[in-house]
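Before any comments, here is the structure.
The values are calculated or read from the model by the stated rules, or taken from the named source; none is laboratory data. Owing to the predicted nature of the structure, the values given are computational and were not obtained by experimental measurement. Heads up, the Cβs are rebuilt from the backbone with ideal geometry, glycines too, and the neighbour counts pull from every protein chain shown.
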Ligand SMILES: Nc1ncnc2c1ncn2[C@@H]1O[C@H](COP(=O)(O)OP(=O)(O)OP(=O)(O)O)[C@@H](O)[C@H]1O
Ligand SMILES: [Mg+2]
């Protein structure tokens, strides 16, 4: 068992309120990613859990045991919290070889020489750095050093692993490979992982759940595909997804057990089952419709329910094509699989599925109508 629970945690640096009444529960074996823009408090959360920073308020438990309780000024020693860390700056010991850096923790634990060799080799192999075993950190690139730091953290198969942007120094290809390795490691070892990134693709592809932060406040905690399809707010929707979600301004009107919305992508009636608790009081109000680029389709002939539009530009990228379309006053991005060719200014019709459209209140920015999840 290795669950982590943060209750009413506040952290200030002087007068700067960095974590604001944070409540977060990380289940045993979970891969929880802290995601959010730079400066929103991700690293601070990790440091508070690790015991490298003391919060001014709150309780933190690990395995149900308190490691922080500010009421009685209790702060468990970082070394006694049973976790391993990889930080943005991956301090390796410069006077030790890669092998010795990775083996250090095992030596402290008095593992046998044979077993140490096997375990270190396994960790280096997983990070694809076996060949650098005898080198010193100064003889490695930044990305190679970063992988040594991860190998050092995973070699003893810790129950909890805290990773702060561990892939930030890697090139795009290696980053994708390492994502796979870390995800596989999580599967193999069942380690509870608390992972920090500001890269939303990394968060979406690896996590069991994502905690999205803005400015020290949790916006949403949800499994990746729920966060992607039903972001609770306009700004969460805008932060997640590449290419970004389409937003279309509209006017909404409440009708019997439903909502009618009129916008540049047509006139739609949404049934009430998918409403959230954030519906405005007014009978008519301004709204913003959100629709992901891959949930729009292009027809070259007029069809029932098709919304007329005009091609603005087409960007084929081999496996997919991004098409920019003008509909009314709105510019829409459509993502199609494979290579598609349209000519600029060509007249087309756009189709979408109302089950995949989400609607926000313009005044509050909150989600009022959800999508049916894929
Ligand atoms: N040791 C410190 N002393 C004072 N302020 C700090 C300290 N560490 C962080 N901060 C401030 O706390 C806020 C949150 O910082 P934090 O490092 O947690 O952000 P982050 O979400 O990890 O950002 P990034 O994605 O850039 O790493 C920032 O405004 C930062 O300037
Ligand atoms: Mg950080």
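Conditions (1) at pLDDT below 95; (2) in a loop (DSSP other than H, G, I, E, B); (3) away from ligand 1 (no atom under 16 Å from the Cβ), marked per residue:
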| site | (1), (2), (3) |
| --- | --- |
| 201 | yes, no, no |
| 212 | no, no, no |
| 228 | no, no, yes |
| 242 | yes, yes, yes |
| 248 | no, no, yes |
| 252 | no, no, yes |
| 273 | yes, no, yes |
| 277 | yes, yes, yes |
| 285 | no, no, yes |
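Is there a residue being buried (at least 20 other Cβ atoms within 10 Å of the Cβ), without any contact (Cβ under 8 Å) to a residue 60 or more places away in the chain and under 20 Å from residue 334 (Cβ atoms) anywhere in region 230-238?
no
Condition (residue is assigned to a strand (DSSP E or B), more than 21 Å from residue 198 (Cα to Cα) and away from ligand 2 (no atom under 16 Å from the Cβ)) applied to region 105-112: is it met by at least one residue?
no
Looking at region 1-67, what strands (runs of 3 or more DSSP E) fall wholly within it and have at least 2 residues that are more than 29 Å from residue 180 (Cα to Cα)?
Strands (runs of 3 or more DSSP E) meeting the threshold: 4-13, 16-26, 57-62.
Give the residues of region 157-170 that are within 16 Å of ligand 2 (Cβ to nearest atom), under 17 Å from residue 84 (Cβ atoms) and assigned to a loop (DSSP other than H, G, I, E, B), sorted by residue number.
165, 166, 167
Any residue that is under 19 Å from the mean Cα position of the chain (by Cα), surrounded by fewer than 17 Cβ atoms within 10 Å (Cβ to Cβ) and either more than 22 Å from residue 212 (Cα to Cα) or within 16 Å of ligand 1 (Cβ to nearest atom) (or both) - is there at least one of those in region 40-63?
Within region 40-63 (the criterion being under 19 Å from the mean Cα position of the chain (by Cα), surrounded by fewer than 17 Cβ atoms within 10 Å (Cβ to Cβ) and either more than 22 Å from residue 212 (Cα to Cα) or within 16 Å of ligand 1 (Cβ to nearest atom) (or both)), the answer is no, since none of the residues qualifies.
Of the residues that sit in region 171-197 and are outside any helix (DSSP H, G or I) and out of contact with any strand residue (DSSP E or B) (no Cβ under 7 Å at 6 or more places or on another chain), which one is nearest to residue 123 (Cα to Cα)?
Checked region 171-197; the qualifying residue nearest to residue 123 (Cα to Cα) is 190.
Just checking, how many residues over region 1-35 are near ligand 1 (Cβ under 7 Å from one of its atoms) and touching a helix residue (DSSP H, G or I) at 6+ places or on another chain (Cβ under 6 Å)?
Within region 1-35, residues that are near ligand 1 (Cβ under 7 Å from one of its atoms) and touching a helix residue (DSSP H, G or I) at 6+ places or on another chain (Cβ under 6 Å) number 1.
Is it the case, given these coordinates, that residue 1 is under 18 Å from residue 195 (Cα atoms) and modelled with pLDDT under 95?
Considered against the rule, which asks whether it is under 18 Å from residue 195 (Cα atoms) and modelled with pLDDT under 95, residue 1 comes out as no.
Quick grid of which residues meet (1) surrounded by fewer than 17 Cβ atoms within 10 Å (Cβ to Cβ); (2) within 30 Å of residue 42 (Cβ to Cβ); (3) touching a residue at least 40 places away in the same chain (Cβ under 8 Å); (4) away from ligand 1 (no atom under 16 Å from the Cβ):
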{"residue": "122", "(1), (2), (3), (4)": "yes, yes, no, yes"}
{"residue": "138", "(1), (2), (3), (4)": "yes, yes, yes, yes"}
{"residue": "147", "(1), (2), (3), (4)": "no, yes, no, yes"}
{"residue": "161", "(1), (2), (3), (4)": "no, yes, yes, yes"}
{"residue": "167", "(1), (2), (3), (4)": "no, yes, no, no"}
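State whether one or more residues within region 304-315 are at pLDDT below 95, touching a strand residue (DSSP E or B) at 6+ places or on another chain (Cβ under 7 Å) and buried (at least 16 other Cβ atoms within 10 Å of the Cβ).
Checked against the condition, which is being at pLDDT below 95, touching a strand residue (DSSP E or B) at 6+ places or on another chain (Cβ under 7 Å) and buried (at least 16 other Cβ atoms within 10 Å of the Cβ), region 304-315 yields at least one hit.
Looking at 241, 272, can you tell me which residue is farther than 30 Å from residue 147 by Cα, touching a residue at least 12 places away in the same chain (Cβ under 8 Å) and either out of contact with any strand residue (DSSP E or B) (no Cβ under 8 Å at 6 or more places or on another chain) or surrounded by fewer than 20 Cβ atoms within 10 Å (Cβ to Cβ) (or both)? Outline the logic, then answer.
On the way: 241 fails: farther than 30 Å from residue 147 by Cα.
On inspection, the qualifying residue turns out to be 272.
Just give me the residues in region 32-78 being out of contact with any strand residue (DSSP E or B) (no Cβ under 7 Å at 6 or more places or on another chain) and more than 16 Å from ligand 2 (Cβ to nearest atom), in sequence order.
63, 64, 65, 71, 72, 73, 77, 78 - these are the residues of region 32-78 that are out of contact with any strand residue (DSSP E or B) (no Cβ under 7 Å at 6 or more places or on another chain) and more than 16 Å from ligand 2 (Cβ to nearest atom).
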